[in-house]
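Engineer: Let me give you the structure first, and then I'll get to my questions.
FYI, it's all coordinate maths here, none of it is from the lab. The model shown is predicted, which means the values in this text are computed figures rather than measured ones. Positions of Cβ are backbone-derived with ideal geometry, glycine not excepted, and every protein chain shown enters the neighbour counts.
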Amino acid sequence: MSLLAIDIGSSRCKAVVFAGTGDILAQHACSYAPEFPAPSQAEMNPERFWHAVLCCSQAVAKNLSDPVRALCMNSHGETFVPVNERNEAIAPAILNQDNRATEETVWLEQTIGRRRLFEITGQIAHPMYPVPKFLWLRKYRPDIFAPSVRFLTAIGYVLARLGLPAYIDYSLASRYLAFDVRQRRWSEEILAATEINAECLPVPVPAGTIAGTLDGPAARQLGLSPGTIVVMGGHDQPCGALGVGAIDAGRVVDSMGTYECLVAASAQPSLTDAALAASLNSYCHVVPDKFVTLAYFPSGIMMKWFHDLLYGEACGESSTLQDWDSSGAESIHYGKLEREAPAGPTGLCITPNLIGTCNPDFNPRARGIISGLSANTTRSQIYKGILEGLACELSQMTGILARAVGEFRDVYVTGGGSRSALGLQLRAALSGRRLHAMECPEAVCLGGAILAGVACGEYASLQEAVELVVREVSVLSPDHAIAAAYAQQAKQYRHLRSALMAITSPESSEGHLEER
């Protein structure tokens, strides 16, 4: 018996088959690219999600000795597909990176109120969320909005294509900016203010709910057996948190991908003044009756930019921003740069904000800065300088998150960035936290497999599953000597980042809602 988890990302889909012990039996990924029909717009034919799921599932199921008993799908957030009454797409999927609905986002925040919106949804207003885009479609594309019967997630669209109910779990529903995270239902207040019919939204259910079983035709398309159980997954960040064992308060995860995301589990959402001031996200976990709070910043995108600048995109074309150092070519290049990096501080201050900042200011106009260059600066110094900047940024994020959820000493790391020993050493030293490296490199898919395993009876509970399959391989304590050596450079970084905010902050108070 095996468990299949599929993660539908914004630029690629990945399928991983796990044994009941948590060992990986097979994996496969398919990439796709968005389209940009106009400034600030990002779309994709939803058939690409569908075909990627089929391709990945067929590839991993091909030579399995143990048949897949249950399938669970996870997904990136915010992306939605307008469909008709037969759940057929009537327009391209509008992606999370689409920022067309700036004016509608401002209107929504002013109408509901910044604090009230945060109290209900655990989010701050931003055009990446679906609800502002619904308002935009109603105003500018009534030919799409009027015939749209529902607005489905990528998972919901795939479920419908499989002949199953197009449910949405609580964690992905939280990413719509209209979900009451404490009541776990669509907010009547927000829907009334926006005049959006609740019937247009998917039916919310807990993650781990069995959506149904595959009939013969659906099973053949996926390369699986008829009767395979299909289980609801959720948003990739809380699924990844489950995959490293963050099911109770006290465990904090650092997922190092395109964005580096700190995720803290808790018994209640963090809807405090401190959380609001830092623009944190706090919403439903994929673990029943639990919540997650997120703080994040651009990370892997900076590393990929530097790699492609030096070696060209062709050297790393097998990678994506979600797994920025996974290709053989990039691993070789990064390894060489890491070996040649200077022993001490570089004296460089490099901010990773190529596409703006995230917490606490969400400044879309901020851009990356490299300070301290000289005629003798080498590529290895710049490489290490980027790692130093990421460590400085993480240090700030851990402080922001700790003020909202309570102090924590340990952070459990996963994702592409965790492969850099030098990067981990700097992060541990500058944040003052102890870093736990996990054995499984596919935390999001492992979280989905855990949900699938509990749903089909392979595990008695999430707790039992975590104890069985979640394993760490090493623990890195902060080196206080390194922290002391970086005290001045870290101070300079903070000053540089503050200056960056001062010179790029929008003149109006509405600027934080513009394109990220």
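Engineer: Any idea how far the Cα center of segment 327-396 sits from the one of segment 121-181, in Å?
Structural biologist: Value for the Cα centre distance between the two parts: 36 Å.
Engineer: While we're looking at this one, here's another question. If you filter segment 370-430 for GluC sites (Glu not before Pro), then keep DSSP loop positions with at most 11 other Cβ within 10 Å, what is left? Write down the numbers at each step before the final one.
Structural biologist: Numbers: sites: 388, 393, 407; in loops: 407.
Of the GluC sites (Glu not before Pro), the ones in loops of segment 370-430 whose Cβ has at most 11 other Cβ atoms within 10 Å are 407.
Engineer: If the reach is capped at under 29 angstrom between alpha carbons, list the lysines near residue 133, excluding any in the same chain fewer than eight residues apart.
Structural biologist: Qualifying lysines at Cα under 29 Å: 14, 290.
Engineer: Then there is this: With an 8 Å Cα cut-off and a minimum separation of 6 or more residues, compute the relative contact order for segment 8-101 in percent. Show your work: numbers first, answer last.
Structural biologist: Values: 140 pairs, mean separation 29.8, N = 94.
That works out to 32 percent.
Engineer: Can you list residues whose amide H is under 5 Å from residue 472's amide H, if they're 5+ apart or on another chain and H is modeled 1.01 Å from N?
Structural biologist: Distant-sequence amide H within range of residue 472: 439.
Engineer: Give the residue list of trypsin sites (Lys or Arg not before Pro) in segment 57-121 that are DSSP loop and have at most 10 other beta-carbon atoms within 10 angstrom. Before the final figure, lay out each step's value.
Structural biologist: Numbers: sites: 62, 69, 86, 100, 114, 115, 116; in loops: 62, 86, 100.
Within segment 57-121, the qualifying trypsin sites (Lys or Arg not before Pro) (loop, at most 10 other Cβ atoms within 10 Å) are 62, 86.
Engineer: Also, I was wondering about something else. When we measure straight from the Cα of residue 384, which lysines land under 24 angstrom away, once same-chain ones fewer than 8 places off are left out?
Structural biologist: Cross-link targets: 304, 336, 491.
Engineer: Regarding segment 106-146, what whole-number volume in Å³ per residue does the convex hull of its Cα atoms give?
Structural biologist: Details: hull volume 2.9 nm³, N = 41.
Output value, Cα hull per residue: 70 Å³.
Engineer: For Kirkwood radius over Cα pairs in Å, the choices are [x] 35.7; [y] 23.1; [z] 23.8; which was calculated from the structure?
Structural biologist: It is the one labelled [y].
Engineer: Right, another one. How much of the DSSP bridge set in the chain is antiparallel, in percent, rounded to the nearest 5?
Structural biologist: Values: 50 of 73 bridges.
Rounded to the nearest five, the antiparallel share is 70 percent.
Engineer: Identify the GluC sites (Glu not before Pro) of segment 40-85 meeting these criteria: DSSP loop state and at most 13 other C-beta atoms within 10 Å of the C-beta. Before the final figure, lay out each step's value.
Structural biologist: On the way: sites: 43, 47, 78, 85; in loops: 78, 85.
Passing sites in segment 40-85 are 85.
Engineer: Taking H as built 1.01 Å from N, whose amide H comes closer than 5 Å to the amide H of residue 231, not counting residues under 5 places away?
Structural biologist: HN-HN under 5 Å from residue 231: 71, 72, 73, 211.
Engineer: Taking the Cβ-Cβ separation of residue 213 and residue 464 as r and a Förster radius of 35 Å, what is the calculated FRET efficiency to the nearest 0.05?
Structural biologist: Numbers: r = 24 Å, r/R0 = 0.68.
Computed FRET efficiency for residue 213 and residue 464: 0.90.
Engineer: Residue by residue, what Karplus-based ³J(HN,Hα) values in Hz, rounded to whole numbers, does segment 393-399 have, using 6.51, -1.76 and 1.60 with θ = phi - 60° and x for Gly and Pro?
Structural biologist: So the Karplus estimates, Gly and Pro as x, are 5, 4, 4, 5, 5, 5, x Hz.
Engineer: Please turn the phi angles of segment 28-35 into ³J(HN,Hα) values with the Karplus equation 6.51 cos²θ - 1.76 cosθ + 1.60 (θ = phi - 60°), one per residue in order, whole Hz, x for glycine and proline.
Structural biologist: After applying 6.51 cos²θ - 1.76 cosθ + 1.60, I find 7, 9, 10, 9, 8, 10, x, 10 Hz.
Engineer: Can you give the relative contact order of segment 2-236 as a percent, counting alpha carbon pairs under 8 Å and 6+ residues apart?
Structural biologist: Result for segment 2-236 is 21 percent.
Engineer: Show the residues, 5+ positions off or on another chain, whose built amide H is closer than 5 Å to the amide H of residue 186.
Structural biologist: 180
Engineer: Same structure again: Rounded if a/c is under 1.5, else prolate if a/b is larger than b/c, else oblate: which is segment 160-248, with a ≥ b ≥ c the root eigenvalues of its Cα gyration tensor? Intermediate values should be presented prior to the final figure.
Structural biologist: Numbers: a/c = 3.16, a/b = 1.46, b/c = 2.16.
Oblate, since a/c reaches 1.5 and b/c is not below a/b.
Engineer: Over the chain, what is the mean sequence separation of C-alpha contacts under 8 Å (at least six apart), divided by residue count, expressed as relative contact order in percent? Could the numbers behind the result be given before it?
Structural biologist: Numbers: 1193 pairs, mean separation 81.0, N = 516.
That works out to 16 percent.
Engineer: For segment 2-236, what is the percent of antiparallel DSSP beta bridges, rounded to the nearest 5? Working shown, then result.
Structural biologist: Numbers: 27 of 41 bridges.
Within segment 2-236, antiparallel bridges account for around 65 percent of the total.
Engineer: For segment 379-502, restrict the atom set to alpha-carbon positions and state the Rg and Dmax in Å.
Structural biologist: Rg, Dmax (Cα atoms, Å): 17.6, 55.
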